[in-house]
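The structure appears below as structure tokens.
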Amino acid sequence: MKKTEKKEISLLLHNIRSVYNVGAIFRTADAMGVSKIILSGYTPTPVDRFGNARGDFAKCALGAERSVAWEYVKNPGIVLSRLKKEGFEIISVEQSKNSLDYKKVKPKNRCLVIFGAEVSGISKFLLQKSDIIAEIPMGGRKESLNVSVSAGIVLYRWFDD
């Protein structure tokens, strides 16, 4: 890709429980120039149900919640359908029998990267809607990485040019 071409990177964070993980992902997203973060399910947002800024979120995002565009959606399936029509490639980061090593993935200029719940991962529904399922190989005894660590690894590998 030529340096003059602008990448449009969006993230979907679905059913991530920890405000600290979401805040850390916001910070990484800011560093990588992510265009937008879409939050869905029970993923915490930067504001509470009354529209007030959340102190715990601001503490871990360190202002990235104000520099990265975000929205909350009730139904992520509708968003995926719309983005596919707009030419976005949908990439889920998840362990799966159909996954590719994340190092072999070369995302298109317009893509949505999905990260899911800390314990259960990304739902089968969202995986079925994905164009690619990418996996970070694990070499130790643990089965997976923290979701915010996974986000940092793949975003820097794929978009740090």
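Roughly how many percent of the accessible protein surface of segment 45-161 is carbon and sulfur, given a 1.4 Å probe and a whole-percent answer?
Within segment 45-161, the accessible surface is 50 percent carbon and sulfur.
To the nearest 10 Å², what's E118's accessible area with a 1.4 Å probe?
The accessible area of E118 comes to roughly 50 Å².
Kindly identify segment 73-161 as rounded, prolate or oblate by the Cα gyration tensor criterion: order the square roots of the eigenvalues as a ≥ b ≥ c, call it rounded if a/c is under 1.5, otherwise compare a/b with b/c, prolate if a/b is larger, else oblate.
oblate
What FRET efficiency comes out for Y72 versus S18 if R0 is 25 angstrom and r is the Cβ-Cβ distance? Round to the nearest 0.05.
0.90
Ignoring everything but the protein chains, give the 1.4 Å probe accessible area of R110 in square angstrom, nearest 10.
80
Label D160 and K85 with points 7 Å out from Cα along Cα→Cβ: what is the distance between them in nm?
3.7
With a 1.4 Å probe and every protein chain left in place, work out the accessible area per residue of segment 1-93 in Å², rounded to a whole number. All intermediate terms of the calculation are to be shown ahead of the outcome.
On the way: 4830 Å² over 93 residues.
I get 52 Å² per residue for segment 1-93.
Sorting D160, D101 by accessible area (1.4 Å probe), largest first, what list results?
If we order D160, D101 from most to least accessible, we get D160, D101.
Of all DSSP beta bridges located in the chain, what percent are antiparallel, nearest 5?
5
On average, how much area does the Cα convex hull of the chain cover when viewed from any direction, in nm²? Mind showing how you got there, number by number?
Numbers: hull surface 38.0 nm².
Dividing the Cα hull surface by four gives the mean projection, 9.5 nm².
Starting from the amide H of R17, placed 1.01 Å from N in the peptide plane, find each other amide H under 5 Å away whose residue is 5 or more places distant or on another chain.
Residues meeting the criterion, in which the H sits 1.01 Å from N, are E118.
Using protein chains only and a probe of 1.4 angstrom, how many square angstrom of F159 are accessible, to the nearest 10?
Roughly 10 Å² of F159 is accessible to a 1.4 Å probe.
Mind listing the long-range amide H neighbours of W70? Cut-off is under 5 Å, sequence gap 5 or more, other chains count too, H placed in the peptide plane at 1.01 Å from N.
Distant-sequence amide H within range of W70: I37.
Heavy atoms only, probe 1.4 angstrom, no DNA, RNA or ligands counted: give me K6, K36, K97 ranked by accessible area, highest first.
On the way: K6 155, K36 65, K97 190 Å².
Order by accessible area, largest first: K97, K6, K36.
Output wanted: per-residue J couplings in Hz (rounded whole) for segment 132-137, from phi through Karplus 6.51 cos²θ - 1.76 cosθ + 1.60, θ = phi - 60°, x for Gly and Pro.
9, 10, 10, 10, 8, x
Would you calculate a helix-derived [θ] at 222 nm for the chain, using -39,500 (n - 2.57) for each DSSP H run of n ≥ 4 and dividing by the full residue count, to the nearest 500?
Mean residue ellipticity, 222 nm, calculated: -9500 deg cm²/dmol.
If Y72, Y102 are ordered by their accessible area, calculated over protein heavy atoms with a 1.4 Å probe, which sequence runs from highest to lowest?
Most to least solvent-accessible, the answer reads Y72, Y102.
The values are calculated or read from the model by the stated rules, or taken from the named source; none is laboratory data. Please read all numbers here as calculations on a predicted model, not as lab measurements. Because the Cβ atoms are built from the backbone with ideal geometry, glycine has one as well, and the counts that use them run over all protein chains shown. These accessible areas exclude ligands, DNA and RNA; they are computed on the full protein's heavy atoms, side chains included. Shrake-Rupley method; radii C 1.70, N 1.55, O 1.52, S 1.80 Å.
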